[in-house]
1. Scan the range B:226-243 and tell me whether some residue there is assigned to a helix (DSSP H, G or I), open to solvent by 40 Å² or more (accessible area, probe 1.4 Å) and modelled with pLDDT of 50 or more.
2. Just to be sure, is residue B:50 more than 10 Å from chain A (Cβ to nearest Cβ), more than 18 Å from the chain's Cα centre (by Cα) and buried (at least 17 other Cβ atoms within 10 Å of the Cβ)?
3. Taking residue B:194 as the residue in question, decide whether it is under 26 Å from residue B:28 (Cβ atoms) and modelled with pLDDT under 80.
4. Using the structure shown, decide if residue B:72 is farther than 21 Å from residue B:20 by Cα and surrounded by fewer than 23 Cβ atoms within 10 Å (Cβ to Cβ).
5. How many residues does the range A:108-124 contain that are more than 8 Å from chain B (Cβ to nearest Cβ), surrounded by fewer than 18 Cβ atoms within 10 Å (Cβ to Cβ) and touching a strand residue (DSSP E or B) at 6+ places or on another chain (Cβ under 9 Å)?
6. If I go through the range B:86-105 residue by residue, how many of them are at the interface with chain A (Cβ under 8 Å from one of its Cβ atoms) and within 21 Å of the chain's Cα centre (by Cα)?
7. Condition first: in a helix (DSSP H, G or I), open to solvent by 40 Å² or more (accessible area, probe 1.4 Å) and either aliphatic (A, V, I, L, M) or over 13 Å from residue B:79 (Cβ atoms) (or both). Now tell me which residues in the range B:5-21 satisfy that.
8. Being at positive phi and touching a residue at least 60 places away in the same chain (Cβ under 8 Å) is the requirement here; does residue B:120 meet it?
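The values are calculated or read from the model by the stated rules, or taken from the named source; none is laboratory data. Quantities reported herein were computed from a predicted structural model and do not represent experimental measurements. We place every Cβ from the backbone using ideal geometry, glycine too, and count neighbours over all the protein chains shown. Side chains included, ligands, DNA and RNA excluded: accessible areas come from the protein's heavy atoms. Shrake-Rupley method; radii C 1.70, N 1.55, O 1.52, S 1.80 Å.
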Amino acid sequence: MRLLTHNMLACNIKGVTNGYPLRLEAEKWVEKEVEFNADFLRGVFPKINWPALIGAARSLGFHDLLPNEAPDPSVLASDDQLLRQFHRALLELHVEEGGLVCPETGRLFPINKGIPNMLLHEDEV
Amino acid sequence: MTRPELQAPPEIFYNDTEARKYTTSSRIIEIQAKISERALELLNLPNDGVPRLLLDIGCGSGLSGETLSENGHHWIGFDISQSMLDVALDREVEGDLLLSDMGQGVGLRPSVIDGAISISAIQWLCYADNSSHEPVARLKAFFGSLYRCLTRGARAVLQLYSENMNQSEMIMKAAMRAGFAGGVVVDFPHSTKARKAYLVLTCGPASMQTSLPKGKAEDGESCSDDDESDDDDEQTVGIYDRHRPAKRSKIAKMGKGKGKGKAWVLKKKNQMRNKGYSVPPDTKYTARKRKDRF
């Protein structure tokens with residue numbers, strides 16, 4: 001699971017209002033090279049929740065990879081180094097084993113072989 | 001052979017043996033690839049070369065997702081069967097996979113997805129696989145959450161094999177209630193085997209999107225179906241029963257038209273005679289046209 005997907009996932013349990021972002025607990029992760037495409041990054045940037053991305057990157061141990069404040073889109077477009085770091089954080093870090101924790105209920109969604117198990121129990125639907 | 005949906009719930013039907021077919025059967029692979037290409041075409045994404053973030057609902061073994069990757073897009077795939085997802089892992093698909101039940105909702109935050117495809121999957125929502133399943137509620141949860149996570153103007157193209165008219169209507173109603181506009185595009189409507197129905201849904205007011213494309217016909221040219229709506233403002237929908245072409249030909253055979261009915265009756269009587277049954281002799285009264293009230 002890449003941080004791009006983590007940035008989109010929310011807790012689906014019935015009645016939960018504050019189910020985003022899910023806290024990432026990574027036990028095993030790998031770095032895979034992904035083709036760099038500036039157009040995609042610029043296009044997806046407005047949709048990204050920056051604090052969630054920072055939080056996820058931090059839980060993998062990357063404290064200084066990205067700035068704390070979300071950069072201005074114009075800055076992002078011109079700063080190639082920042083763009084590459086954004087690319088690396090969003091698309092190249094893959095969580096293989098671990099879990100996602102709902103911030104409201106504490107429910108754990110395990111991640112196995114890179115696949116988060118988001119199946120809800122009957123009483124959670 | 002009964003439909004898969006009538007044999008077992010999807011997470012059980014798509015076990016390791018069934019999942020293996022999706023790696024080894026070249027026929028299945030070819031068909032799924034074609035359908036995926038067509039679905040992507042119907043998504044009508046801008047032709048600007050910018051990769052988009054798409055959903056593949058019921059991604060299974062990742063066959064459809066590979067089509068998305070080949071076209072340069074990033075995607076997130078959902079499936080309920082671990083066996084099928086394992087096959088996708090083996091193929092080393094580029095999209096992210098999620099083990100989830102679409103009937104429980106799509107679980108993504110609002111307005112983040114540029115488009116969604118689904119190949120031969122959403123009909124599973126219509127079957128109540130356990131006592132807590134309520135198909136209408138599941139359809140509502142699915143379409144509602146799908147609508148929310150799509151950006152304005154984004155499309156969802158869902159190819160499905162619905163069992164009958166009731167199912168198609170149920171699905172269509174749920175989609176409309178969730179706020180979607182759109183209709184059904186049918187390719188090769190007159191061929192039982194090649195016939196494919198795509199539910200093309202759009203997010204946003206009807207005036208925003210272009211009209212529905214026409215379905216493909218046998219000779220490669222576009223054919224327009226009578227019920228299909230090309231008009232933006234009219235949201236009528238063409239619903240098709242998959243078995244209609246077959247039914248039509250059967251009725252023609254058994255037809256009570258002049259000569260046809262009698263020939264068939266005589267043929268049948270002969271067949272039974274050859275089998276050895278005692279059959280009344282053929283007389284001038286055999287298969288004679290009776291008065292209506294008879």
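1. no
2. no
3. Taking the combined requirement at face value, the residue does not satisfy it.
4. It is true that residue B:72 is farther than 21 Å from residue B:20 by Cα and surrounded by fewer than 23 Cβ atoms within 10 Å (Cβ to Cβ).
5. 3
6. 4
7. Once the filter is applied, which keeps residues that are in a helix (DSSP H, G or I), open to solvent by 40 Å² or more (accessible area, probe 1.4 Å) and either aliphatic (A, V, I, L, M) or over 13 Å from residue B:79 (Cβ atoms) (or both), the range B:5-21 yields B:6, B:12, B:16, B:17, B:20, B:21.
8. Spelling it out, residue B:120 is indeed at positive phi and touching a residue at least 60 places away in the same chain (Cβ under 8 Å).
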